[in-house]
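Please treat every number below as a calculation from the coordinates, not as lab data. The shown structure was predicted, so the numbers you read here are calculated from the model rather than taken from an experiment. As a convention, Cβ positions derive from the backbone with ideal geometry for all residues, glycine included, and neighbour counts pool all protein chains shown.
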Amino acid sequence: MAGAVAGQALDVAPRILGARVITNVDGNRVEIVINEVEAYCGGADPASHAYRGETARNAPMFGPLGTIYVYRSYGIHWCVNIVTGEIGDPQAVLLRGGHVVGGVDTVVKRRGRSDHLADGPGKFAQALAIDGSASGTMLSHDGIALTVDTENPPAYVTTPRIGISRATDRQWRFVSAAT
DNA sequence: ACGAGGATGCTCT
DNA sequence: GAGCATCCTCGTC
C-alpha cells in the first residue's frame with residue numbers, strides 16, 4: 001500500500017486523490033474517499049512545519065514512508081499528514097477532505113451533525129477519530145489504513161494551499177475534479 | 001451564498 | 001507572547 005505512494009510530496013499528492021482511508025475504532029469502521037490534499041515539501045517549502053528543521057512536534061515528518069504526522073491546529077482540531085519521503089527528507093501530504101463512503105452513522109455521531117462530515121482537515125480527522133496519539137505511528141492494515149487505486153487515477157485541479165501565509169503562490173493543493 | 005469573529009492550546013521566537 | 005496547514009455560529013445579502 002504505502003509503497004505505491006513513495007516519492008516527493010508534490011508527485012505523490014495527486015495520486016492520493018481517490019484513495020480510501022479506513023479506521024476502526026471501538027468496532028466502528030469508517031471509510032472515506034480522499035478528494036482534497038496538499039503537498040508540503042520539507043526544506044524547500046517555507047510553509048512546511050519542517051522547513052526550519054526537526055523539532056519534537058514535526059519529528060514524524062523525518063521518518064520513513066508511510067509514517068503518520070498529526071498536529072493540533074488552532075488549539076482545537078487535529079490534522080493528518082502522510083509522510084511520503086525517505087528517512088530524513090520531510091515530504092508529507094496533508095489529507096484535507098473526503099467523502100464518507102462507510103460508517104456514515106458513526107461519523108454523524110462523532111461530528112454531531114449530518115452534513116459537512118469530512119470536507120476539511122479538522123473534520124476529516126474527527127470523522128476518522130484520528131488524534132495526536134497517532135502521530136509518529138505507521139499506516140497499517142488494522143490501524144489507519146490507506147488504500148490507493150492505481151488503476152483509476154482521478155482527474156484533479158490545482159490551487160494555492162489554504163490557510164498559509166508563506167509560499168502562497170505555489171499551486172500545491174489538489175482537488176478531485178468530479179464528486 | 002458569503003463574510004466576520006471567537007474559541008482554544010501548543011510550538012517556537 | 002505571537003502565530004498558527006481550522007471550524008462553527010450568527011449576521012447580512
Inter-part distance where region A:124-179 and region A:1-76 are each reduced to a Cα centre, Å = 6 Å
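What is the sum of charges, Lys and Arg at +1 and Asp and Glu at -1, for the other residues whose Cβ falls under 12 Å from the Cβ of residue A:18? Numbers along the way, then the final one.
Working: positive: A:15, A:20; negative: A:36, A:149, A:151.
Net local charge, residue A:18 excluded: -1.
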key: For region A:1-74: span of alpha carbons on each principal axis (Å, largest first)   = 39, 27, 24
remark   = For residue A:73, other-chain or 5+-apart residues with amide H closer than 5 Å (H placed, Pro excluded) are A:78, A:79
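Tell me the mean residue ellipticity at 222 nm calculated for chain A from its helices only (DSSP H runs of n ≥ 4, each -39500 (n - 2.57), averaged over every residue, nearest 500). List each step's numbers first, then the result.
Values: 3 runs with 24 residues, N = 179.
Result for chain A: -3500 deg cm²/dmol, rounded to the nearest 500.
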remark   = Once phi for every residue in region A:73-85 is put through the Karplus expression 6.51 cos²θ - 1.76 cosθ + 1.60 (θ = phi - 60°), the whole-Hz ³J(HN,Hα) values, with Gly and Pro written as x, are 10, 6, x, 10, 9, 10, 10, 10, 10, 10, 6, 10, x
query = Quick one: Karplus J couplings for region A:158-165, per residue in order, coefficients 6.51, -1.76, 1.60, θ = phi - 60°, nearest Hz, x for Gly and Pro?
reply = 10, 8, x, 6, 8, x, 9, 10
key: Rough spin-label spacing in nm, given labels placed 7 Å along Cα→Cβ, for residue A:11 and residue A:57   = 3.0 nm
For residue A:137, distant residues with modelled amide H under 5 Å away = A:68
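Tell me the net charge near residue A:100. Cut-off is 13 Å between Cβ atoms, residue A:100 excluded, with +1 for each Lys or Arg and -1 for each Asp or Glu. Write out the running numbers ahead of the final one.
Numbers: positive: A:20, A:29, A:109, A:110, A:111, A:113, A:123; negative: A:31, A:105, A:115, A:119.
Spelling it out: positives minus negatives among the neighbours equals +3.
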remark   = Interchain or sequence-distant (5+) residues whose placed amide H lies within less than 5 Å of the amide H of residue A:119 are A:98
request  = Convert each backbone phi in region A:16-29 into a coupling constant with the Karplus relation 6.51 cos²θ - 1.76 cosθ + 1.60 (shift: θ = phi - 60°), then list the ³J(HN,Hα) values in order as whole Hz, x for Gly and Pro.
outcome  = 7, 4, x, 6, 10, 10, 10, 10, 9, 10, 6, x, 9, 7
message = Checking the a/c ratio against 1.5 first, then a/b against b/c, what shape does the Cα gyration tensor give for chain A?
response = rounded
key: Extension gain from residue A:108 to residue A:72, taking 0.36 nm per residue of separation minus the Cα-Cα distance   = 10.8 nm
